[in-house]
Number of protein chains: 2
Amino acid sequence: MVVGWEIASLICGLLSIVVAVFLGRWVLKQENKSAPIAEYSHAVQEGAAAYLRRLFQWLGVLVAIIAIILVLALGWQTAIAYIVGAGCSTAGAYIGMYIATRANGRVAWAARNGLVKAFPVGFFAGGVMGTALVGLSLIGVTAFYMIFKSTDIVLGFSFGASSLALLAKAGGGIYTKTADIGADLVGKVEFDLAEDDPRNPAVVADNVGDNVGDVAGMGADILDSYVASVVAVMILGALLFSGNVAYVIYPLLLGGVGILASILGMIFVIRLREGKDPGRALNTGTISTTIIFAILSLAITFASGVDKPWGVWLPNIAGLLAGIVIGFTSDAFTDIDQAAVQQTANAALTGPAIVILNGFSYGLLSIVPSILGICVAMIASWVLAVQFGVPGTYGISVAAVGMLSITPMILSSDAYGPIVDNAKGCAEYGHESEEVIAVCDRLDAAGNTAKAITKGFAIGAAALTVLALFAAYAESVGISSLDLRNPGVTVGVFIGAMMPPLLSALLILSVGRNAFKMVEEIRRQFREIPGLIEGKVRPDSARCVDIATQGALKELILPAILALVVPILVGLILGKNALGGFLAGSIVTGIIFALMMANAGGLWDNAKKFIEDGALGGKGSEAHKAAVVGDTVGDPFKDTAGPSLNTFITVMSLSATVFGPIIAHIALLNL
Amino acid sequence: MVVGWEIASLICGLLSIVVAVFLGRWVLKQENKSAPIAEYSHAVQEGAAAYLRRLFQWLGVLVAIIAIILVLALGWQTAIAYIVGAGCSTAGAYIGMYIATRANGRVAWAARNGLVKAFPVGFFAGGVMGTALVGLSLIGVTAFYMIFKSTDIVLGFSFGASSLALLAKAGGGIYTKTADIGADLVGKVEFDLAEDDPRNPAVVADNVGDNVGDVAGMGADILDSYVASVVAVMILGALLFSGNVAYVIYPLLLGGVGILASILGMIFVIRLREGKDPGRALNTGTISTTIIFAILSLAITFASGVDKPWGVWLPNIAGLLAGIVIGFTSDAFTDIDQAAVQQTANAALTGPAIVILNGFSYGLLSIVPSILGICVAMIASWVLAVQFGVPGTYGISVAAVGMLSITPMILSSDAYGPIVDNAKGCAEYGHESEEVIAVCDRLDAAGNTAKAITKGFAIGAAALTVLALFAAYAESVGISSLDLRNPGVTVGVFIGAMMPPLLSALLILSVGRNAFKMVEEIRRQFREIPGLIEGKVRPDSARCVDIATQGALKELILPAILALVVPILVGLILGKNALGGFLAGSIVTGIIFALMMANAGGLWDNAKKFIEDGALGGKGSEAHKAAVVGDTVGDPFKDTAGPSLNTFITVMSLSATVFGPIIAHIALLNL
């Protein structure tokens, strides 16, 4: 009876694709009759497509190299899985960018007819991403498992998806902040232009950046955690329950049920009535999805053939609840109504230095609730699993899948954010009326509320996922002990812990370097193009798009090497135990830095907004200038380095797990 | 023959005290005939003494509470050792402050007679600290061991020394930066006063801060690593070589030999001739001491009765060399002539945001050489020990002692820095001639060179020390496995890793809060005291001293609880394995944050100096203002949070080791 259940997962995946197509067609059928918005939208579409084309050309070479290595080291099946995984990630990023750059103008146009008309356009566009990406991934994982019946080959799929996701995320992050900082430093500060002023040469690049960074990058990011957590549980299931294949298929079924729950949850979201808050609608959707998932997953657990159903269902729910709790508490430090933001804004009265110090400190403090949440989830899922006779490592890993199972819903709300943010930009660019812009503002505010929650969720999920991968690595290379008193393990921990700070530094420096070039180009255009500042001629936006594109691609080489090569080097030189320590070290600092950077960045952003809303002298005051410095520092924290770290540690864990069995045999030392 | 060798260590300790008294009397015999300098010096002496008195009163209560707990939990002997250890730390801080506040005016006066006359006054004043503190500690440790023959009781001594050191360091760090930032933000920025302008109400507090922060705090800091590393080796010696007491006494002998080598090394330093560079003299002293120590320690190793002399001497030398290498390479990122500093200064042309981002990133990159150095030292000392039949953990711990054995010399050069820095302040305050100030400048530059080296040394040594303590903890509570796949260990690692960022955040926020109060007080004085800005009346300096003092003391409560209570709580709730993971986690992020903060702070400081030296528009330019923001952000990084972290992780390790055996029996969970 057990064999065959994976078909259910495949069907859910296909259903998800059907829903995506349906939603996508509906969004594209909405109209946008504003000529300037259409023109602008078109420029952003072109810029984004050009960037992604060049990114994927460049990445094609990388994928080919790794595929050849995989053929030689592990056989053609893994190589094919790797290529298809990379292709799924690519398709996901492309779909997200495609729909987002087409939806934003339509949302802006629909805003003429009020909130209730505009909201579904934005939410369904987000929904396309949520359903399409998860559907593709689940189909991919399930299909490879059904064909080869080998979790090692499925691992190749995950490795492909994650390595592309890292580069899409990091590249997009560099791109978006290069353009954003460049546009702000010259446009806003030197020429006193408004955000999205058409005279600013970098404004198209800035909006392209929002799409390739926030939409495409973030989609690839959450997706890679999703796939990795499913695959980690499959590997552990195969290794720990050699007699019962139900434990291998179980995460696929949770994924399938998650799709059903999310689709049902979306129905709760779109039942938005006039006068209601769209932010609450999104949260209602998340909570409904959670409840529906809890019920459906209980049913599927008992039906699936696992012989200790409570020992897997309860850890799954522990993970899910932890995700929700981390999500809902993680914005305490970044919420504009909270003390941390307001104190930081107050500090702006003494100049930028204390703003920076406060934001950095609160960013550090903000790691506490999330880390405690992750720790509670770990212990709870371990204890619950062991209580019912299931190995604890399997329990922790199932918690990761539980947390991520409602990804279609989470991803839909998350993608909604940048889409409506861009819609606001379109409305401003198209000189729409005050009312239309006000509607877009309300949509945007809802996006920010949703983003705070999904961000905490994503980091919590990534933490549990890499812990699951860590367990999968240790089991699959047959480590006997990862004792911290072994100097190899300790050295591994130190070197691993060094990696996330190192990646962060490289990415931030990249942004600084590129922004510098962008600033020079914008200054040159204002200097050399007559009539530009008067608004008589259009700027050479393509040149700015080009600088952002080239810069982002060039700066990706070092991060790619760090993620793919260093774990293998550590393993080859110091052995498999050291590599285990390396992964553990990278997970710990990876999560700390990801949380700190995301939250400090969000806090600085909101402290600036708090002043712009009229407090402490409002826009243009000295306090505002000080707060702008904080916001600029926070930009690469929250949009470049912070979000790349999740994927970075996932890729390193996958790289170690894929090559671990070979490394273990040929290591130089074996400490 | 073995018993009795500890007498040699006691004799060396006494010799060190004799040298300290001799040097101290010589320094105090030097004259200072400038009335304004004497007056100023007196105000600083009073402020510093008042602060230390109140600090120690406050700490007296804490020590009493802990002593009572220790009597109840571990018996009166440990409690007495704890009290005496705390007393040694107190005495060390007091001696350092006493001599430093009296030497600075004398150095400034001697500078009238040129570099060759002024240098020994500064260096011998530093030497008083180096020899007195190490002498006291070594006598304390040796005496307690000779009386009780129990390493557990000696551990109490170390616990006392470290817990006081943490509070002296953190309190001094908050004090000094409160005063410094306050003085700068109002005095320099708003009223355009020079550094050390007598009209600035916070200038006395600022200079008191330099003495209580840099001299007293730093002395206590290095001392606590020194004692802790010696004690960790003694504990491991007792547990691992139950038959041979020579391994327990061995670190005491290395300490004794280190004193002899340092005293001989000092002779090389003071042979400074006219026209030579005092910075090179200091470095020559460090290198001579190292060579002498290597030779003497070889002799004592063979004489001491350890049965595997090469297995302990070689790890000792590995540690010593690693310390030197880390020291000499650690300033690559902060040296004013290097690319990192100059690029950061260049970024100031775009405003403060990129300055902050660059400094932060280079701070993160700067951890790489030091961490690799620590890793190499660990592996080398482990392998060398095991090669000759000595347990690897003992090898790593001996490496820590080897690194720290030349502490008298390191501490002397390190204390020299703030003393001559203050001498420059005295000379400016006393309106000395240009030539005198130039001599002070040259002395100060030498201090900065020495500081870069000793700072790297201190962090490397602290890293190996806490690793040694970690091993001592694991052995003494009888941990069977610290496997990272155990969820208790992993949760411990996560919570431990969270602690250093948490402490950093609390300390930085404290500085921000107090600086805010200080700013208001300075503004009030300029507003309400007629004639102050014209220089007709003196400011109410005592009030500023008071604000800094009270603020520092109040803000210490939370850090003290974090360091002493959290490890015990983790142990009580999650068990001894989790507590082991906790220590490991705290070591890893502690070192990363300590290095990042120290180096980023130094880099920002030097980027500012680079511009002040005339580059990029020089003083007063927009670039300079941007660089000043970086420097202000760096102040609490490099002088408050960064330097407190070493001691923080040492105290947590000691707290765990002292209470571990009790915790292990009554823990709630035992994951």
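When you filter the trypsin sites (Lys or Arg not before Pro) in the stretch B:90-192 for DSSP loop state and at most 14 other Cβ atoms inside 10 Å of their Cβ, you are left with B:LYS149.
Going 7 Å from the Cα of B:SER481 along its beta-carbon direction, which residues of the stretch A:479-503 have the amide nitrogen within less than 15 Å of the resulting point? What the label zone holds, given the 15 Å backbone N cut-off, is A:479-486. In nanometers and ordered shortest first, the copy-to-copy spacing of the A:VAL116 label point, defined 7 Å from Cα toward Cβ, is 9.5. Note on B:LEU668 and B:ILE287: their simple-model spin labels are 5.7 nm apart, each label 7 Å out from Cα toward Cβ. Once divided by 2.2 N^0.38 Å, the Cα radius of gyration of the stretch B:22-117 becomes 1.50. For the stretch A:2-666, the relative contact order works out to 21 percent when only alpha carbon pairs closer than 8 Å and six or more residues apart are counted. Copy-to-copy label distances for A:GLU46, where each label lies 7 Å from Cα along Cα-to-Cβ, are 7.6 nm in order of increasing length.
Of all segments of chain A bounded by GluC sites (Glu not before Pro) found in a DSSP loop with no more than 11 other C-beta atoms within 10 Å, the longest spans A:275-533. With θ taken as phi - 60° and the Karplus curve 6.51 cos²θ - 1.76 cosθ + 1.60 applied, the whole-hertz 3J(HN,Hα) list for the stretch A:543-557 is 4, 5, 4, 5, 4, 5, 5, 4, x, 4, 5, 5, 6, 7, 4 Hz, x standing for glycine and proline. So which trypsin sites (Lys or Arg not before Pro) in the stretch A:267-317 pass both tests, a DSSP loop state and at most 16 other Cβ atoms within 10 Å of the Cβ? Answer by residue number: A:ARG271, A:ARG273, A:LYS276. Taking 7 Å steps out from each Cα toward its Cβ at A:ASP337 and B:ILE270 produces label points 6.9 nm apart.
For the stretch B:194-351, the residue among B:VAL257, B:ALA246, B:ASN316 whose Cα projects farthest onto the positive side of the dipole built from Cβ charges is B:ALA246. Within straight-line reach of B:LYS117, meaning a Cα separation under 21 Å, sit the following lysines at least 8 residues removed in sequence or on another chain: B:LYS29, B:LYS33, B:LYS276, B:LYS424. For the stretch B:662-670, 3J(HN,Hα) computed residue by residue from phi via the Karplus equation (6.51, -1.76, 1.60; θ = phi - 60°) reads 6, 3, 4, 7, 10, 5, 5, 9, 9 Hz, glycine and proline entered as x.
For chain B, the mean residue ellipticity at 222 nm estimated from helices alone is -28500 deg cm²/dmol, where every DSSP H run of n ≥ 4 contributes -39500 (n - 2.57) and the total is divided by all residues, rounded to the nearest 500. Comparing the full protein assembly with the isolated chain (1.4 Å probe, heavy atoms, ligands and nucleic acids excluded), the residues of the stretch B:587-605 losing at least 40 square angstrom of accessible area are B:VAL588, B:ILE592, B:PHE593. Between B:ALA91 and A:LEU15, the C-beta separation translates, for a Förster distance of 51 Å, into a calculated FRET efficiency of about 0.10. Averaging the Cα positions of each part gives two centres, and for the stretch B:546-598 and the stretch A:305-375 these lie 20 Å apart. Picking from B:GLN57, B:ILE7, B:ILE80, whose Cα lies most toward the positive end of the charge dipole for the stretch B:1-82 (charges on Cβ: Lys, Arg +1; Asp, Glu -1)? Highest projection toward the positive end goes to B:GLN57.
Projecting 7 Å from Cα along the Cα-to-Cβ direction, the label point of A:PRO530 sits 6.3 nm from its equivalents in the other copies, listed shortest first.
Provide a whole-number value for the mean count of partner chain Cβ atoms within 10 Å of the Cβ atoms in peptide B:572-578. Before the final figure, lay out the partial values.
Working: counts 0, 0, 2, 0, 0, 1, 2.
The per-residue average across the peptide is 1.
Checking an interface number: how much accessible area is buried between B and A, summed over both chains, with a 1.4 Å probe, in Å² rounded to 100? Working shown, then result.
Numbers: alone 23510 and 23470 Å², together 40900 Å².
Roughly 6100 Å² of accessible surface disappears when B and A pair.
Take the Cβ atoms of A:ASP613 and A:GLU528, set R0 to 51 Å, and the FRET efficiency comes out at 0.85. When the solvent-accessible area of the stretch B:2-666 is split by element, carbon and sulfur atoms take up 63 percent of it, the probe being 1.4 Å. Per residue, the accessible area of the protein assembly as shown comes to 30 Å² when a 1.4 Å probe rolls over the protein heavy atoms.
Restricting the stretch A:388-440 to chymotrypsin sites (Phe, Trp or Tyr not before Pro) that sit in a DSSP loop and have at most 16 other Cβ atoms within 10 Å of their own Cβ leaves A:PHE388. Listed values for the stretch A:239-245 are Karplus-derived 3J(HN,Hα) couplings in whole Hz (6.51 cos²θ - 1.76 cosθ + 1.60, θ = phi - 60°), namely 7, 8, 10, 4, x, 10, 5, and x replaces Gly and Pro.
The values are calculated or read from the model by the stated rules, or taken from the named source; none is laboratory data. For clarity, every value in this text was computed on a predicted model and none was experimentally measured. Here Cβ is always computed from backbone atoms with ideal geometry, including for glycine, and neighbour counts include all displayed protein chains. Calculation scope for accessible area: heavy atoms of the full protein, side chains included, ligands and nucleic acids excluded. Shrake-Rupley method; radii C 1.70, N 1.55, O 1.52, S 1.80 Å.
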